[in-house]
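Read through the structure below, which is laid out as structure tokens, and then see the notes.
The values are calculated or read from the model by the stated rules, or taken from the named source; none is laboratory data. Everything quoted here is computed from the prediction, not taken from an experiment. FYI the Cβ positions are ideal-geometry reconstructions off the backbone, even for glycines, and counts take in every protein chain you see. Each accessible area value is taken on the protein alone, full model and side chains, heavy atoms only, with ligands, DNA and RNA left out. Shrake-Rupley method; radii C 1.70, N 1.55, O 1.52, S 1.80 Å.
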Amino acid sequence: MMKRLGTAAAAAILLTISLVLPGCTAPRLEPVGGVDARAVLAEFKGRGMVDHLEALQRIADDNDGNRASGTSGYEESARYVEEQLRAAGYNPVRQAFSFRGEGKNRKQVESFNILADTGGSAENTVVVGGHLDSVREGPGINDNASGVAAMIEIARWMKENGITPANRVRFAFWGAEEDGLYGSQHYVDELSRAEKARTAANLNVDMLASPNGVRSIHDGDGSDFEQAGPAGSKQIEDVFFRFFEENSLPAETTPFDGGSDYEPFLQAGIPGGGLFSGDVETKTRAQVQSYGGTAGKDLDSCYHRACDTIKNTNPDLLKEMSAALAYATATYALAPRG
């Protein structure tokens with residue numbers, strides 16, 4: 001996850017989100033029930049997300065300890081994702097872009113996103129996205145190999161279970177999130193007005209396995225944090241809460257603060273939402289009662305540090321959050337047009 005913005009910047013984002021471009025309203029899907037939340041959780045308790053974490057950890061270990069955009073670690077991470085997707089029956093493609101790096105000379109850095117589509121109508125495309133890159137300071141296993149692992153397993157699960165989407169799902173593995181949301185911003189910038197209108201929802205995952213984490217869902221209607229997404233974002237929030245409620249798992253809301261790849265979608269008027277298990281916030285006693293863990297300690301004390309390794313993850317939380325994303329993905333993939 002990119003470094004969080006301050007209060008003034010977040011307020012500016014709220015204003016920008018409110019000024020949605022005319023004519024770019026996304027189509028409304030009706031994310032009704034029909035997907036068995038308990039069955040999805042049971043399925044994902046046995047799936048191999050941790051195997052993907054281990055693979056991405058090995059890649060970082062072999063490449064100067066990180067998987068940052070523009071590095072060999074990122075390239076090897078991308079090849080791993082592409083191999084997994086092809087083996088599952090997808091045809092992943094790279095979407096190239098460049099950005100100016102940090103430092104005195106600010107050299108141009110070449111990077112890319114990875115996109116892989118299911119079948120289903122492109123008139124109602126659901127973009128399920130998470131960033132593939134890490135910071136240069138560490139391997140980024142919670143941030144965000146955890147989201148990558150969930151997306152790979154959901155893509156495989158859909159194929160293995162013969163889920164035939166009515167609406168196209170596009171799995172998007174973003175580059176250069178940690179450098180400034182460059183990959184997701186490039187993707188949205190490249191969409192025509194018609195393509196934006198055909199993007200029904202963006203489901204974003206960024207950190208799903210924080211060692212002292214929580215189950216949090218982005219506050220789609222701003223009822224808790226006064227930072228609402230475009231129309232349709234409340235429905236995404238409701239779908240995630242429905243999953244956790246049906247599995248008797250506590251969950252809470254988290255604000256849209258501009259710190260992850262949902263932001264370009266929100267500013268384009270596309271409904272957004274997603275999951276987040278926490279970074280530098282301190283866990284409260286009330287949260288300990290809901291989720292366990294340690295009060296007074298960061299949700300992820302290794303956020304953006306070299307110690308964000310596979311040891312810095314909560315496998316049980318990763319299973320629950322991956323299952324929640326799978327449930328929401330399938331619900332939107334099968335949703336009728338509103």
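Values for this structure:
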read-out	value
Which listed residue, of K196, K234, is touching a Cys at 6+ places or on another chain (Cβ under 9 Å) and in a helix (DSSP H, G or I)	K196
Test for E102: is it open to solvent by 50 Å² or more (accessible area, probe 1.4 Å), of a type in the set (D, E) and either outside any strand (DSSP E or B) or more than 17 Å from V205 (Cα to Cα) (or both)	yes
Odd one out for I217, checked against (1) open to solvent by 30 Å² or more (accessible area, probe 1.4 Å); (2) at pLDDT 95 or above; (3) not in a helix (DSSP H, G or I)	(1)
Filter pass, A209 being in contact with a helix residue (DSSP H, G or I) (Cβ under 6 Å, 6 or more places away or on another chain), over 23 Å from S111 (Cβ atoms) and not polar (S, T, N, Q)	yes
Residues of region 233-250 that turn out to be among the small types (G, A, S) and either closer than 14 Å to V126 by Cβ or touching a strand residue (DSSP E or B) at 6+ places or on another chain (Cβ under 9 Å) (or both), as a count	1
Exclusive hit being within 18 Å of L318 (Cα to Cα) and charged (D, E, K, R), set E160, E252	E252
Residue in region 308-338 that is farthest from G65 (Cα to Cα), counting only those that are open to solvent by 40 Å² or more (accessible area, probe 1.4 Å) and of a type in the set (A, V, I, L, M, F, W, C)	L334
Residue match in region 276-290 (condition: open to solvent by less than 20 Å² (accessible area, probe 1.4 Å), part of a strand (DSSP E or B) and not basic (K, R))	yes
Flag if G229 is part of a loop (DSSP other than H, G, I, E, B) and buried (at least 21 other Cβ atoms within 10 Å of the Cβ)	yes
In region 200-214, the residues that are out of contact with any Gly (no Cβ under 6 Å at 6 or more places or on another chain) and surrounded by 24 or more Cβ atoms within 10 Å (Cβ to Cβ)	A200, A201, M207, A209
V35 in a loop (DSSP other than H, G, I, E, B) and either in contact with a strand residue (DSSP E or B) (Cβ under 7 Å, 6 or more places away or on another chain) or not charged (D, E, K, R) (or both)	yes
Single condition G273 does not satisfy, out of (1) surrounded by fewer than 24 Cβ atoms within 10 Å (Cβ to Cβ); (2) small (G, A, S); (3) outside any loop (DSSP other than H, G, I, E, B)	(1)
Residue identified as part of a loop (DSSP other than H, G, I, E, B), open to solvent by 20 Å² or more (accessible area, probe 1.4 Å) and on the phi < 0 side of the Ramachandran plot among R305, R242	R305
Out of R86, R38, sole residue that is more than 13 Å from V148 (Cβ to Cβ), without any contact (Cβ under 8 Å) to a residue 24 or more places away in the chain and open to solvent by 30 Å² or more (accessible area, probe 1.4 Å)	R86
Count - residues of region 65-96 that are in contact with a helix residue (DSSP H, G or I) (Cβ under 7 Å, 6 or more places away or on another chain) and either at pLDDT below 95 or more than 20 Å from Y182 (Cα to Cα) (or both)	6
Enumeration of residues in region 152-193 that are part of a helix (DSSP H, G or I), open to solvent by 50 Å² or more (accessible area, probe 1.4 Å) and not basic (K, R)	E160, Y182, Q185, D189, E190
Single unsatisfied condition, P264 versus (1) over 14 Å from the mean Cα position of the chain (by Cα); (2) farther than 25 Å from W157 by Cβ; (3) surrounded by 21 or more Cβ atoms within 10 Å (Cβ to Cβ)	(1)
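Yes or no, residue by residue, for (1) open to solvent by less than 10 Å² (accessible area, probe 1.4 Å); (2) in a strand (DSSP E or B); (3) in contact with a Gly (Cβ under 9 Å, 6 or more places away or on another chain); (4) without any contact (Cβ under 8 Å) to a residue 40 or more places away in the chain:
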residue: D64; (1), (2), (3), (4): no, no, yes, yes
residue: A68; (1), (2), (3), (4): yes, no, yes, no
residue: G73; (1), (2), (3), (4): yes, no, yes, no
residue: S77; (1), (2), (3), (4): yes, no, no, no
residue: Y80; (1), (2), (3), (4): no, no, no, yes
residue: E110; (1), (2), (3), (4): no, yes, yes, no
residue: A116; (1), (2), (3), (4): yes, yes, no, no
residue: V135; (1), (2), (3), (4): no, no, no, no
